[in-house]
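Single-structure report; data block below.
The values are calculated or read from the model by the stated rules, or taken from the named source; none is laboratory data. Remember, predicted model here, so these are calculated numbers, not experimental data. Reconstructed Cβ throughout: ideal geometry from the backbone, glycine too, with neighbour counts over all protein chains shown. Side chains are part of the model used for accessible areas, which takes the heavy atoms of the whole protein and leaves out ligands, DNA and RNA. Shrake-Rupley method; radii C 1.70, N 1.55, O 1.52, S 1.80 Å.
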Amino acid sequence: MAETMWSRQDCRIRAFWGRPGESPGWAADRVMALLGFVQARDASLGSSLLHIPWDGSRAELQRLFEELPVVDDHGKPTTAWGYADPGLLITGYENNISVDLSIGSDSVGRRIPLHQVTASVERLSPEHTKALSESLFEGFVLAFDPLYVEMVTLDELLMWHRLEWQIRPGYRIWLNDVVGEISWLADGMTSQRMGSGTVYSCPDDWTSQQVVDAWKAVLERSGLDEIPRDLIQNMDVPDYLPVPDQVRIIAPKWADEKESDEVTETPHCAQPPEPTPPAEPASFEDSASGQGESGMGQFVYRQQITGLRPGDPRHHHPARNSNMNLSGTPAWTLGLIALFPLPILNSALAGVVMLVVGLNQRNVGGTAAQNGVNAASWGLLQIVVPALFFITMTVGMITGEDTEAGLRMPAPLEMALPIFGITWIFLSIAHLVVVILGIVKSSRGEVFRAPVPRIFKTSGQ
């Protein structure tokens, strides 16, 4: 049997739109429309939430969005970032599939879109991978009416690294009419109207290399490359799908539970917690100091509403990634090698390491790639300036003349040598400041741009 994209059992679907400030009601309507569409396609599928009990009703989902604002690292609710991801699951197949939501921010986004929905369909049979991936792709298009939707596998992302707003090579790419239209397609590709845009498809039996090569040619000829970040869409979504009042709830299967001879405890999120008597919510001031009844500064996470207990995972801004490797922190952290007691060589050695590790982070893509090339550019500067100093000094010693006062270098070299030396000393001091700022910002999932020109491309091309 020939290999297809479905036999890889790894399909990623992502959509983003330009509607800042979505209301909890808007979020609930769009999610319910998506779930109703997916369940209508396959009656064996259901839904659930990862950490929060939910009865499957639209009204309850809206209330959950209202009760789940994003909280920052200090536990304070930040409404400007929208609502925390409730942990939506598609259940009923051999593995649960999570659908990640980023909704409600007042900003469209800078380097990454802040209004998006993503799903990664993994570890399912080829038949289920195909069925669910195609349902989610069409559901994202019709339920959210976004600017852009992609269906890709990891292989294409690794072959051609592109930023979050750019059109990426995939087996299915959908573009809203407001973004533009692709007038030329490579041989074998097809196009079809769907919703308020067009879906461009590659054959399922193409290799990832064929997909990447085809999309390179398509984007070059069409002149399209990036989705404009300033596109603001009307908040009213066309009625392509009905919004059900209720969807089917199926308890998730916990694949990470292992059988044991000992008595094991079922994760509390698999079963709704026992009802707790209503309690007076702690004041904001008490909560901020951790003195509320929960003792955890839960703020607007009311336990009697959401079922969250002290110690449950906090909900953070989607751009903040706890995995340092995915945010590009290692390239900046290794710049601290300059603190090693290696006179003269320490800054140059730190520059070499930052250059190598930073360029290697382009393989990860996204924020890691951007922080990687920024760190590599700064590291290259740490290599070039000491190198110029030593080259100038060596050439001066070779071409200089011995005089009674000592070695006299050519005038241009005599002027250049102290300039390079002073610059080197200044860079050695500035290096520590820049590296620390890079570590702090990248660990928050942000991109830090060093005060030097970006020399390398994130795509590695």
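Worth a mention:
- Three-way shape label, region 145-202, alpha-carbon gyration tensor, a/c 1.5: oblate
- Heavy-atom surface of region 1-146, accessible at 1.4 Å and reported per residue (Å²): 33 Å²
- Whole-number D in µm²/s for region 70-203 (Stokes-Einstein; Kirkwood sum over Cα pairs; 37 °C, 0.692 mPa s): 198 µm²/s
- Shape box of region 1-158 [Cα atoms, principal axes, largest first, Å]: 53, 36, 29
- P(r) of region 1-71 over all Cα-Cα pairs, binned every 5 Å from zero, in whole percent: 3, 12, 17, 20, 19, 12, 7, 5, 2, 1
- Calculated on the Cα set of region 116-184, radius of gyration then Dmax: 12.7, 36 Å.
- Sites S428 and V395, calculated FRET efficiency, Cβ-Cβ separation with R0 25 Å, nearest 0.05: 0.65
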